[in-house]
Amino acid sequence: SAADLMKLAMIALQTRVDQAWTEGGGEGGGEGGGEGGRGKPALVLQIHDELVFECPREEKAVLRLKALVKEAMEEGALQLCPPGSFQGVPLVVKLSVGMTLGSLVEVR
């Protein structure tokens, strides 16, 4: 179900973000959300099939988080439904970036 996919994605994302920002792969170092462009990304809200993150403002951090989110969501779908069971229907992950929820712009 969609709820199972979200649970798998959130668990995988937390692990990946922790690893990326602890092993020096992330920007800013340290703990905490993206306040002031420092720290590591933090999941702040889940609404149905959407995840909202606070992330450091550096472009490199945003791009890294974008890749982690896309990978985790797509791999979560594969864990729930083995290859071939999708019957040609891909899981499309759309990502948006913005300073506020009202200013989000879809990115590719």
- Roughly what would the spin-label model give for Glu106 and Lys94, points 7 Å off Cα along C-beta, in nm? 0.4 nm
- Query: Residue by residue, what Karplus-based ³J(HN,Hα) values in Hz, rounded to whole numbers, does the stretch 44-56 have, using 6.51, -1.76 and 1.60 with θ = phi - 60° and x for Gly and Pro?
  - Reply: 10, 7, 10, 10, 6, 9, 10, 10, 10, 10, 9, 9, x
- Query: Where does each of 64-76, 94-106, 45-57, 7-19 land if you order them by average Cβ count within 10 Å, highest first?
  - Reply: 64-76, 7-19, 45-57, 94-106
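Every read-out reported here was derived from the displayed coordinates using simple, explicitly stated rules and does not represent laboratory data. The shown structure was predicted, so the numbers you read here are calculated from the model rather than taken from an experiment. Virtual Cβ from ideal backbone geometry, glycine too; neighbours counted across all protein chains shown.
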